[in-house]
Amino acid sequence: MKGKIKILGISGSLRSNSSASAILNIVAGLVPANVEFNIYNRLAEVPAFDDSSEIPAPVVHFIKLLSEADGVFFCIPEYAFGVPGALKNALDWTVSSSTAFPDKPVALITAATGGDKAHAAFLLTLKAISSKIPDGATLLLSFIRSKLNEKNEVKDTATLNSIRSVINSLIGSIQN
């Protein structure tokens with residue numbers, strides 16, 4: 001692959017100070033220099049999904065960013081034992097897109113109190129939209145608040161190394 005690798009980061013939380021957004025910001029600081037890592041922060045602008053033939057401008061923009069990315073890095077919380085509604089809604093818009101996800105490498109970190117149910121559900125969604133989930137590109141960070149300090153930095157080396165491993169798996173998949 002020539003040039004920079006383009007990865008689009010997407011937080012499943014609409015709050016900029018959420019644990020999921022904090023982890024995504026940490027990822028942005030850990031990627032190597034040959035990676036352009038952009039965080040999508042307009043999830044709240046994506047309207048409720050409908051199957052009309054007219055696609056709203058925020059959805060067109062979202063699908064364009066996904067299509068231009070070499071890979072997508074998700075970090076999600078768990079709400080009511082499931083995937084955050086705004087994120088699931090945005091992905092519903094991509095189902096009929098032939099360019100957004102088919103065979104696109106994706107990584108997933110679930111950062112929550114528990115997170116196992118949202119993690120499993122989101123992996124099913126990623127499979128349904130035909131994304132490519134490389135080995136080692138998923139991570140469940142349960143009890144996330146105990147792993148972050150007051151500045152939303154990772155407290156322990158093991159967690160940081162696990163995040164680095166997910167990053168390396170995604171980048172390795174894109175390069176191959």
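List of remarks:
- Checked against (1) touching a strand residue (DSSP E or B) at 6+ places or on another chain (Cβ under 8 Å); (2) part of a loop (DSSP other than H, G, I, E, B); (3) buried (at least 19 other Cβ atoms within 10 Å of the Cβ), Ala100 passes all but condition (1).
- Of the residues making up the stretch 41-59, none is at pLDDT 95 or above, surrounded by 14 or more Cβ atoms within 10 Å (Cβ to Cβ) and in a strand (DSSP E or B).
- Ile163 being of a type in the set (Val, Ile, Thr), surrounded by 12 or more Cβ atoms within 10 Å (Cβ to Cβ) and under 11 Å from Gly71 (Cβ atoms): no
- Leading residue by the ranking (surrounded by the most Cβ atoms within 10 Å (Cβ to Cβ)) among those in the stretch 151-160 that are on the phi < 0 side of the Ramachandran plot and not acidic (Asp, Glu): Val154
- Within the stretch 146-167, the set of residues being in a helix (DSSP H, G or I) and either over 18 Å from Phe74 (Cα atoms) or of a type in the set (Phe, Trp, Tyr) (or both) comprises Ser146, Lys147, Thr157, Ala158.
- Against the criterion of being more than 29 Å from Ala48 (Cβ to Cβ), aliphatic (A, V, I, L, M), out of contact with any helix residue (DSSP H, G or I) (no Cβ under 9 Å at 6 or more places or on another chain) and assigned to a helix (DSSP H, G or I), Leu170 qualifies.
- Complete set of residues in the stretch 85-100 that are in contact with a Leu (Cβ under 7 Å, 6 or more places away or on another chain) and either modelled with pLDDT under 95 or at positive phi (or both): Thr94, Ala100
- Residue tally, condition surrounded by fewer than 13 Cβ atoms within 10 Å (Cβ to Cβ) and without any contact (Cβ under 8 Å) to a residue 60 or more places away in the chain, over the stretch 5-27: 2
- The residue list Asn17, Asn38 contains one member that is assigned to a loop (DSSP other than H, G, I, E, B) and polar (S, T, N, Q), which is Asn17.
The values are calculated or read from the model by the stated rules, or taken from the named source; none is laboratory data. Since this is a predicted model, take the numbers as computed values, not measurements. Here Cβ is always computed from backbone atoms with ideal geometry, including for glycine, and neighbour counts include all displayed protein chains.
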